[in-house]
Every structure is written in structure tokens, then in C-alpha cells.
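Have a look at the structure below before the remarks.
The values are calculated or read from the model by the stated rules, or taken from the named source; none is laboratory data. Because the structure is a prediction, the values reported are computed rather than measured. All Cβ positions, glycine included, derive from the backbone under ideal geometry; neighbour counts span all protein chains shown. Accessible surface is based on the protein model in full, side chains and every heavy atom, while ligands, DNA and RNA are left aside. Shrake-Rupley method; radii C 1.70, N 1.55, O 1.52, S 1.80 Å.
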Amino acid sequence: MSYKTEYVALDTSEPGESSHTGENRRIRHEESFFHGLLRFIRRSRIAMVALGVVFLLTLWGLASLASTPNQSTGISQQSDKGDVLDHRLILADTTKYLNGPPMNSFRENLKEDSKYVTGWNFAGMTNDFMVYINLIYLGMISSRVPIIPPFIPASVHLGKGGLIKDFSEFFDLPGLRAAVNHPILEWSQVKKGAYAGNTMDLEDVVDEPIGCWSNWQPFGTNGKPIYTELSSFLKLDISYTPVPDNVKLSDKGNHHSSYWGMVSLLYPEGRAKALRQKEAVASYSPRLNQSLPPDDQLACFDILYYAAVRDTYEWERDYSPAWNLVGQYARFSRRLEDISMSYIRKVFNVGRNEDIPPVRDMLYSPVVFDNLIAMHPNQYISIHVRRSDFADRCGKNKNKEDCFLPLSTYDKEVQHIKAELADRHGPASPLSKVNHVLVTSDEKDSEWWGTVRQQGWYFIDHGSEKTSDALGKWYPSFIDAFAQSRGVGFVGTLHSTMSLVAARRVQYWNDGPTRMVYFN
């Protein structure tokens with residue numbers, strides 16, 4: 001029987017919502033995973049034989065998943081009649097990967113014939129996003145079902161008092177599943193917990209022991225595994241076993257683990273070899289005091305932020321497999337888009353029925369896109385100025401304003417963006433005449449924001465709007481992330497992961513030029 005993969009337009013509207021209509025609001029996930037891979041290959045500037053072999057192996061494995069039943073995840077890609085299946089429904093059907101709705105024990109909810117992989121949060125919203133994308137990529141290349149944790153408040157970034165929110169509140173998870181053609185679960189689907197809006201009885205939720213792998217214990221700075229807030233929230237009592245040295249990306253003294261080194265631990269031979277090492281001693285769990293080997297059915301790692309195929313901090317490279325094969329397809333949710341657009345319209349004084357044109361994608365030719373810009377001139381160049389916690393890098397005896405670069409430095413890069421837009425699209429194009437600049441920053445000083453206003457630039461004043469009070473502490477940052485992603489060009493702050501991911505979105509979603517300002 002022949003089999004053909006078919007992707008159809010997704011309706012990811014919330015219950016009770018109507019779908020957006022109009023040509024300029026069409027669904028953006030019609031580009032398949034394999035088209036994305038080809039686009040990734042075209043965009044790569046450096047031919048690397050070793051990395052090419054890795055991606056060919058990845059493509060071969062994923063192509064096999066698309067043409068044959070997957071024994072690990074339980075995905076059946078072909079019906080008895082050989083008809084083309086709607087994979088959105090298959091991938092979203094949790095009964096194929098779980099025994100039922102969220103239960104008191106994760107163990108009770110996992111299918112005996114399926115294998116899974118998970119990880120934990122790491123230091124803030126954007127870092128968490130990167131970790132969860134890395135986790136999905138790891139699940140894809142290991143043929144396991146990734147279980148995505150929620151966004152949980154971290155004291156060093158969001159602060160205390162924020163609610164615990166699912167990944168799918170902010171990102172279009174059905175669209176992401178379809179784009180990468182792989183099942184993706186959330187922890188809220190697996191085990192009960194005190195999530196925002198939860199109405200379930202949590203009295204009988206079990207505190208469960210589990211063995212996990214630790215990447216940080218052998219490669220980190222303190223020789224200990226990392227315990228995050230999520231293990232307590234999920235009521236997981238974790239015993240950690242250090243990964244073997246051959247999982248390390250290189251011997252150059254870094255924290256990074258190799259994706260393929262981790263994958264080897266998720267198969268029988270690699271697992272058995274690793275557990276025979278004398279260093280493979282499991283720690284005792286903090287609450288139940290149990291020493292357990294790494295779980296085979298639900299594999300877990302303490303830190304996936306430092307994960308790469310070839311280079312350290314690989315997200316900074318244009319060939320990053322996690323970004324190219326997963327991250328670029330993680331579009332924002334319809335709800336977040338609608339909320340964010342209302343703030344952006346208010347900033348630019350655009351009426352409710354006057355839609356700011358959508359960012360460029362495969363559905364629009366340059367001529368059509370430029371005509372949309374001409375009809376609605378409120379396109380803008382977005383900026384992210386990272387300040388706040390970067391002040392810690394200035395040194396104790398240095399004034400932070402002498403350390404931070406002035407807005408004039410960002411303005412120089414804005415002028416470069418304008419020039420590049422004119423060069424790309426021609427001086428007659430409306431894109432060469434974009435003058436609006438929208439600034440986002442973590443700065444709290446009202447005087448500094450006054451200098452932004454004096455510059456003639458725009459910003460969403462979350463303080464005056466009381467965004468946190470109205471929507472919760474996560475929303476100012478996610479609204480800013482959305483606003484950054486809509487820029488026809490972007491200027492960010494080097495070494496800020498928020499700037500890094502925003503630049504990637506503008507490059508890939510809008511075909512926009514980007515620049516980074518070096519933090520002094």
C-alpha cells in the first residue's frame with residue numbers, strides 16, 4: 001500500500017472562539033517538516049561533512065517514522081484501507097500515548113508499549129523555551145514521546161507569585177505537532193498538578209520516586225545534579241546517575257552534552273554500557289531516600305539547556321538543528337496573538353478593525369506583502385534592550401549607566417536595518433520607508449523609558465497597563481516576545497537569549513534583517 005503524508009490547515013482556536021478569516025490570517029503551519037529541512041540546508045553557509053552526516057541520519061530516521069508504524073511511540077501512519085490520514089488528529093489523540101486523563105501517578109498513565117523522555121526548566125522564560133525545544137528534538141531523534149514541562153516561576157527572573165502555565169497557553173502545540181510530525185505531550189496531560197485554573201482534587205497525588213540521568217553532575221561547576229522547582233511541583237523524588245564522559249560534547253572544558261551521546265543512553269546497548277561504568281552511582285533521592293537507576297520507560301535529564309550536535313551554544317549558529325527542525329515551527333498561540341495584537345494596536349493607535357498586516361511567510365509574494373504594508377503603514381522595527389540583571393556584569397565599582405550602551409548605539413543599528421531593508425526591497429518599496437520603532441526591555445526605571453519616548457520610539461507600558469494584574473506575571477514577557485517577533489527588522493542585545501530567539505523569529509518568519517548590540 002502506498003502512503004502519503006498530507007498536512008491540512010489547522011484550526012487551533014480556543015473553545016468558543018471562531019477561526020480567523022481573510023487571506024492575511026491564513027494558517028502558517030502548512031510548511032512541512034521536510035520542507036523546513038530543505039530550507040535549513042539552503043540557509044546554511046558552511047558545508048560541514050560531519051554535521052551533514054548527522055542530519056542525513058536524522059532525515060533517514062524521521063523519514064522511516066513517516067512511512068512505517070513507530071514501535072516506540074505507537075504512531076500508526078497508515079489505515080487498513082490505505083487512505084491518507086489526518087495526522088493532526090492522530091498526533092493530538094492522547095489515548096495513543098496515555099491510559100487516560102491526568103492521574104495521581106504518572107506511572108499509571110504511561111502506555112506499556114511506549115517510551116518517553118522529559119527534562120526540567122532552566123532559568124527563565126526564554127531559556128525554558130529553548131530547553132523544551134531541545135527536549136522535543138531529543139524525543140524526535142530517539143523515537144520517544146517528549147513530555148513538555150510547564151512554565152514555572154523562577155525567583156531570579158519572573159519572581160514569586162506567578163502561576164504555573166502550560167506550554168500550550170503561549171504556543172500553538174497542535175500546529176507544532178503537525179509541523180514536526182511527532183507526538184508531543186505536556187505534563188498536565190500526564191499527572192495532576194496545581195496548574196493555573198486547575199479544578200481537580202490533588203489530595204491523592206502520589207510522591208513518586210524516579211531515576212534520571214544527570215548531565216550537570218559530571219560536566220557542571222559543582223559536581224552535583226540540578227534539582228529544579230519542577231520536581232517538587234510534579235511530586236517527583238529524583239535519584240540521579242551521572243552520564244558517562246563520552247556524552248560530553250568535547251574535551252574543551254564546557255558544560256555541553258552531545259544529543260547523540262544522550263540518545264545512546266536511551267537504547268539497550270548504550271544504557272547497559274553506561275551503567276557498567278564505575279562512576280555510574282545513583283544518588284539518594286531527597287525525600288524518599290531511594291537510590292534508583294535511570295528510568296528506561298520515562299527517560300529524564302536534569303539539564304537540557306547545554307545540548308548540542310556540534311558546537312557549544314549551538315542556538316547562536318544558523319544551522320542549529322533544534323531551531324531549524326523544531327523551534328521555528330513553535331508559533332505563538334491564537335490567544336497570545338490576539339492579546340498581544342490588542343496591546344500593539346493601542347501603542348500605534350490602530351483601531352480594532354484596522355489590522356496590522358501579518359508578517360511575511362510562504363503564503364505571500366513580495367509584491368502582495370509590500371501592498372499590505374502600503375495599506376497599513378504601522379509596521380515597525382523591533383528592539384530588545386537587555387538591562388536589569390545584566391547590571392551584575394558591570395562590576396561592583398562601576399556605574400551601570402557607564403556599563404550599558406546608550407540608546408544612540410541601538411539607533412545606529414536601526415539605521416543599518418533601514419538601509420538593509422531598502423537594499424533588499426528597493427527604494428520604492430514601503431519596507432524601505434518603515435520608521436516606527438517598538439522597544440522592549442526588562443528595565444524598570446521610568447526615567448530610562450522617558451529617554452526612549454524622547455527618541456520618538458514606541459513601547460508597551462506594562463506598568464501603566466497593569467498587564468500583570470490583568471493577565472498574570474508571565475504575560476508582559478510573552479507579549480513582548482510576540483511584539484519582537486513581528487518586527488520587519490530587529491535589533492537585540494548580544495548574549496541575551498531573549499534577543500537571540502527574537503532575532504531567529506524575525507529572520508525565519510519575516511525574512512527580516514537583524515543586528516546585535518554588544519554588551520559593554
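Let's see how each residue does on (1) surrounded by 21 or more Cβ atoms within 10 Å (Cβ to Cβ); (2) under 26 Å from the mean Cα position of the chain (by Cα):
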site	(1), (2)
S250	no, yes
G261	no, yes
R276	no, no
D296	no, yes
A307	yes, yes
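Given (1) open to solvent by 10 Å² or more (accessible area, probe 1.4 Å); (2) in contact (Cβ under 8 Å) with a residue 40 or more places away in the chain, identify the lone condition not met by W449. If we test W449 against (1) open to solvent by 10 Å² or more (accessible area, probe 1.4 Å); (2) in contact (Cβ under 8 Å) with a residue 40 or more places away in the chain, just (2) comes out false. Candidates are the residues of the stretch 423-454 that are part of a loop (DSSP other than H, G, I, E, B) and touching a strand residue (DSSP E or B) at 6+ places or on another chain (Cβ under 8 Å); the one that is nearest to F129 (Cα to Cα) is E443. If the condition is being open to solvent by less than 30 Å² (accessible area, probe 1.4 Å) and touching a residue at least 24 places away in the same chain (Cβ under 8 Å), then the stretch 404-427 contributes F404, L407, Y410, V414, I417, L421. For the stretch 461-492, the set of residues classified as under 29 Å from L163 (Cα atoms), more than 19 Å from the chain's Cα centre (by Cα) and either assigned to a helix (DSSP H, G or I) or touching a residue at least 60 places away in the same chain (Cβ under 8 Å) (or both) consists of H462, G463, S464, E465, T467, S468, D469, A470, L471, G472, listed by residue number. Going by the structure shown, is S468 touching a Pro at 6+ places or on another chain (Cβ under 7 Å), surrounded by fewer than 22 Cβ atoms within 10 Å (Cβ to Cβ) and not aromatic (F, W, Y)? So S468 fits the description; yes.
Within the option set M140, M125, being of a type outside the set (S, T, N, Q), open to solvent by 10 Å² or more (accessible area, probe 1.4 Å) and under 28 Å from S496 (Cβ atoms) holds for one residue only, M125. When residues in the stretch 268-310 are screened for being touching a residue at least 40 places away in the same chain (Cβ under 8 Å) and not β-branched (V, I, T), 27 of them pass.
Taking the conditions exactly as written (basic (K, R) and at pLDDT 95 or above), does R387 satisfy them or not? Spelling it out, it is not the case that R387 is basic (K, R) and at pLDDT 95 or above. Filtered by the rule that a residue be within 23 Å of Y137 (Cα to Cα), part of a loop (DSSP other than H, G, I, E, B) and at pLDDT 95 or above, the stretch 266-304 gives L266, Y267, P294, D295, D296, Q297, L304. Which of the residues belonging to the stretch 92-122 are open to solvent by less than 10 Å² (accessible area, probe 1.4 Å) and aliphatic (A, V, I, L, M)? Answer for the stretch 92-122, where residues must be open to solvent by less than 10 Å² (accessible area, probe 1.4 Å) and aliphatic (A, V, I, L, M): L98, L110, V117. For beta carbons closer than 9 Å, sequence separation of 6+ or different chains, a first residue in the stretch 129-144 that is of a type in the set (D, E) and a second that is outside any helix (DSSP H, G or I) and modelled with pLDDT of 95 or more, there are no qualifying pairs. Conditions first: (1) within 11 Å of I381 (Cβ to Cβ); (2) open to solvent by 20 Å² or more (accessible area, probe 1.4 Å). P430 passes all but one, so which condition is the exception? P430 satisfies every listed condition except (1). Against the criterion of being out of contact with any Asp or Glu (no Cβ under 7 Å at 6 or more places or on another chain), among the β-branched types (V, I, T) and at pLDDT 95 or above, V491 does not qualify. Out of V506, V501, one residue alone is among the aliphatic types (A, V, I, L, M), in contact with a Phe, Trp or Tyr (Cβ under 6 Å, 6 or more places away or on another chain) and either at positive phi or open to solvent by less than 20 Å² (accessible area, probe 1.4 Å) (or both). It is V506.
Anything in the stretch 324-337 that is crowded, with 23+ Cβ neighbours inside 10 Å and either among the acidic types (D, E) or within 14 Å of L138 (Cβ to Cβ) (or both)? List them, or say none. L325, V326, G327 - these are the residues of the stretch 324-337 that are crowded, with 23+ Cβ neighbours inside 10 Å and either among the acidic types (D, E) or within 14 Å of L138 (Cβ to Cβ) (or both). The set of residues in the stretch 320-336 that are assigned to a loop (DSSP other than H, G, I, E, B) and either within 30 Å of A470 (Cα to Cα) or modelled with pLDDT under 95 (or both) comprises A330, R331, S333.
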